[in-house]
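> The structure follows.
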Amino acid sequence: MSRARRLLFSGGSVVEADGVSRADVLVEGETITAVGTLADIADAEQIDARGMLVLPGAVDVHTHLDTPFMGTVTSDDHITGSIAALAGGTTTYVDFAFQQPGERLPETLEAWHTKARNRSVADYSFHLAIADPYDGFLDDLPIVVADGSPSIKVFMAYKGLAMLDDGQLYDVLRASSRLGANVCIHAENGHLIDALGREVVATGRTGPLGHLLTRPPMTEVEAVRRAIAIADLADAPVYFVHLSTGGAAQALAEAQERGRPISGETCTHYLLLGDDEYHRPGFEAAKYVVSPPLRGVDDRAAMWRALRAGTIGVVSSDHCPFCFAGQKELGHDDFRKIPNGAPGVEHRLPLLYGHGVRAKRLELSEMVRVACTEPAKAFGLHPRKGTLRPGSDADVVVLDPDGSTVVMASTQHQRSDYTPFERWSVPGRIRGVWRRGEHVVDRGRFIGGAGGGTFVPRRPVT
């Protein structure tokens, strides 16, 4: 579809992280050029946004597309995953380039460029996930940063698969800090989880409930506090991924009060789903095996409080999709072999609106802050992304507050045979999505062409 030279979104409620205003948005080519009360522009295509919410394209900074993991590969590639992202109002995502055994870090990054180039229909960037440290791997970090990917992920869990020890974590933090790169930490105590797993299986309990039993809240809280202490020694900033517990949020708050550059995210499923899902009959609970596991009502309430307070600044999807049939079933006889992860990129923004804003857990501007603006700021994408300002990319979402959505696996764009939110009724409906001025989603239907997404190089965040 050809891109209109000019678009005018008129009469809508423009939602930014700092408030809501009735305004028009003028787009010329790929860029927003004006926001305010604008006169009719004769040569502009008119988008009637009266009664609608006009949002910045959402930014999801935690996805896993076409990723080999735990004996299989995530079911969405950069084609299907990016279509799902756009359908859900996410116009930019940051995917984890996951190092494979024996790979040098620049090789990993180039492999992810190859996976996404000319395939993704949304704009994208990469974090580099270190899973196999080799002699001299730190010397390759400047190459990664120079590529425009100034963020590194490390794991304190997945023993024998991706876990780094404390000394390696210190080394990565120290080296990354000198380069202006942020370090994303998966904080769970991998040694303890491994030991608890052996104990639980020895009792004959091999079903999905064992996943919850071997990852109690303290396995996250301890790892978060330990990582903060190591970051203090390294004098480095830290961004914690997928936080799930009130204790972790409290640890972040304490570090922030001391003036430390500590930030983090939670995910849609930790806000809306609970640990009762692990008591589903048979093997169905495997659909909810994510790491960390889903938590109880008190931890969910703590996540909402931390978002409102700004202690946790971002809501991501941690989109790590596997099909139930043939993939989750790999762990049918041992929960430790169930691939950890679930689909979520398509429903993150609709769920935040329908069950966050409409349920009065978040204000509209807070939703935009945690789903659009703060993710972009945290990883060097702002103000190009995450806002509707003159000079920003024309990534625009028009949301109908009077519409409604029913989440179903049979109608989703995500390439998975289930969704953890099956048959959830969600107030509000995304009416249209524009990626850099091109209309790519119309009432839930992808209407864009092949490719079209571009790699967005990022600058270090100081």
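The values are calculated or read from the model by the stated rules, or taken from the named source; none is laboratory data. Just so you know, these numbers come straight off a predicted model, no measurement behind them. As a convention, Cβ positions derive from the backbone with ideal geometry for all residues, glycine included, and neighbour counts pool all protein chains shown. Each accessible area value is taken on the protein alone, full model and side chains, heavy atoms only, with ligands, DNA and RNA left out. Shrake-Rupley method; radii C 1.70, N 1.55, O 1.52, S 1.80 Å.
> What is the gain in length, in nm to one decimal, between LEU330 and ARG117 on full extension, counting 0.36 nm per residue of separation less the C-alpha to C-alpha distance?
Details: separation 213, 0.36 × 213 = 76.68 nm, distance 3.07 nm.
Here the answer is 73.6 nm.
> Separate question: Over the stretch 311-402, what is the mean sequence separation of C-alpha contacts under 8 Å (at least six apart), divided by residue count, expressed as relative contact order in percent? Provide the component values of the computation, followed by the final result.
Details: 89 pairs, mean separation 20.4, N = 92.
That works out to 22 percent.
> Where in the chain are the helices, taken as whole DSSP H runs, whose Cα atoms extend 15 angstrom or more along the long axis and whose Kyte-Doolittle mean reaches at least 0.5? Write down the numbers at each step before the final one.
Values: long enough: 105-116 (17 Å, -0.57); 166-179 (20 Å, -0.39); 190-202 (18 Å, 0.66); 217-234 (26 Å, 0.57); 246-257 (16 Å, -0.17); 297-309 (18 Å, -0.33).
Span-like helices, by this rule, are 190-202, 217-234.
> Over the chain, with every protein chain in place, what whole percent of the accessible area is carbon and sulfur at 1.4 Å, could you tell me? Numbers along the way, then the final one.
On the way: 8330 of 16660 Å².
Heavy-atom surface of the chain belonging to carbon and sulfur, 1.4 Å probe: 50 percent.
> Divide the volume of the convex hull of the Cα atoms of the stretch 1-138 by its number of residues and quote the answer in cubic angstrom per residue. Numbers along the way, then the final one.
On the way: hull volume 20.2 nm³, N = 138.
Normalising the Cα hull of the stretch 1-138 by residue number yields 146 Å³.
> Something else about it: For the stretch 121-248, what are the per-bin percents of Cα-Cα distances with bins 5 Å wide, up to the bin holding the maximum?
Taking all Cα pairs of the stretch 121-248, the binned fractions are 2, 10, 19, 20, 18, 12, 9, 6, 3, 1, 0 percent.
> While we're here: Under the rule of -39500 (n - 2.57) per DSSP H run of 4 or more residues, summed and divided by the residues of the chain, what mean residue ellipticity at 222 nm is obtained, to the nearest 500 deg cm²/dmol? All intermediate terms of the calculation are to be shown ahead of the outcome.
Values: 13 runs with 121 residues, N = 462.
Using -39500 (n - 2.57) per qualifying helix, the result is -7500 deg cm²/dmol.
> Just to make sure I understand: if all protein chains stay in place, what is the order of MET163, MET303 by accessible area at 1.4 Å, largest first? Display every interim value, and only then the final one.
Working: MET163 45, MET303 0 Å².
Descending order: MET163, MET303.
> Return the loop-located trypsin sites (Lys or Arg not before Pro) in the stretch 401-435 (DSSP other than H, G, I, E, B) with at most 11 other Cβ atoms within 10 Å of their own Cβ; answer none if there are none. Spell out each step's value before the answer.
Working: sites: ARG415, ARG423, ARG429, ARG431, ARG435; in loops: ARG415, ARG423.
Listed in order of number, the matching sites are ARG423.
> Okay, next question. How large is Rg over Rh for the stretch 308-431, taking Rg from the Cα atoms and Rh as the Kirkwood inverse mean of 1/r across Cα pairs? All intermediate terms of the calculation are to be shown ahead of the outcome.
On the way: Rg = 16.7 Å, Rh = 16.2 Å.
The Rg/Rh ratio comes out at 1.03.
> Over the chain, with the other protein chains present, what is the accessible area per residue in square angstrom, probe 1.4 angstrom?
Working: 16660 Å² over 462 residues.
So the chain comes to 36 Å² accessible per residue, rounded to a whole number.
> I've got another one for you. With respect to the cross-link table entries LYS360/LYS385; LYS115/LYS337; LYS115/LYS159; LYS337/LYS360, which display a Cα-Cα separation exceeding 32 Å? Present the calculation step by step, with values, prior to reporting the outcome.
Numbers: LYS360/LYS385 26 Å; LYS115/LYS337 26 Å; LYS115/LYS159 27 Å; LYS337/LYS360 39 Å.
Pairs exceeding the cut-off: LYS337/LYS360.
> What percent does the relative contact order of the chain come to when contacts are Cα pairs within less than 8 Å and at least six residues apart? Intermediate values should be presented prior to the final figure.
Numbers: 1130 pairs, mean separation 105.7, N = 462.
For the chain, the relative contact order is 23 percent.
> Could I ask something else about it? Between VAL297 and SER21, what length comes free when the chain is fully extended (0.36 nm per residue of separation minus the Cα-Cα distance, one decimal in nm)? Write out the running numbers ahead of the final one.
Working: separation 276, 0.36 × 276 = 99.36 nm, distance 3.46 nm.
Contour length minus Cα-Cα distance gives 95.9 nm.
> Over the Cα atoms of the stretch 330-372, what Rg and Dmax result, in angstrom?
15.8, 46
> Amide H of PHE69: which non-local residues (sequence gap of 5 or more, or other chain) have their own amide H closer than 5 Å, using H built in the peptide plane?
Here the answer is THR74, since their amide H atoms fall under 5 Å of that of PHE69.
> Might you work out the accessible area of THR114 for me, using a 1.4 Å probe with all protein chains in place, and round it to the nearest 10 Å²?
80
> Taking only the Cα atoms of the stretch 276-370, how large is their convex hull per residue, in Å³? If you can, show how the numbers build up before the last one.
Values: hull volume 10.3 nm³, N = 95.
Dividing the Cα hull volume of the stretch 276-370 by its residues yields 108 Å³.
> Something else about it: Taking only the C-alpha atoms, wrap a convex hull around the stretch 139-204 and report its volume per residue in Å³ as a whole number. If you can, show how the numbers build up before the last one.
Working: hull volume 5.7 nm³, N = 66.
Cα convex hull per residue, to the nearest whole number: 87 Å³.
> ARG431's amide H: which non-local residues (gap 5+, or another chain) put their own amide H closer than 5 Å, with H modeled 1.01 Å from N in plane and none for Pro or chain starts?
Excluding prolines and chain starts, which carry no amide H, the hits are VAL398, LEU399, ASP400.
> So if we plug the beta-carbon distance of ALA42 and THR72 into 1/(1 + (r/R0)^6) with R0 = 51 Å, what FRET efficiency do we get, rounded to 0.05? List each step's numbers first, then the result.
On the way: r = 55 Å, r/R0 = 1.08.
Step by step, r from the Cβ atoms, then E = 0.40.
> For Cα pairs less than 8 Å apart in space and 6+ apart in sequence, what is the mean separation divided by the residue count of the stretch 14-126, i.e. the relative contact order in percent?
Values: 133 pairs, mean separation 24.7, N = 113.
Relative contact order here is 22 percent.
> Here's a follow-up. Determine one quarter of the surface area of the Cα convex hull of the chain, which equals its mean projected area, and express it in nm² to one decimal. Write down the numbers at each step before the final one.
Values: hull surface 79.5 nm².
Result: a mean projected hull area of 19.9 nm².
> To the nearest 10 square angstrom, what accessible area does TYR158 show with a 1.4 Å probe?
Rounded to the nearest 10, the figure is 40 Å².
> Moving on. Give the peptides 319-328, 366-375 in descending order of average Cβ contacts within 10 Å, highest first.
Averaged packing, sorted descending, gives the order 366-375, 319-328.
> Mind jotting down the distance between the C-alpha centroids of the stretch 346-373 and the stretch 1-69, whole Å?
Each part's Cα centre sits 17 Å from the other's.
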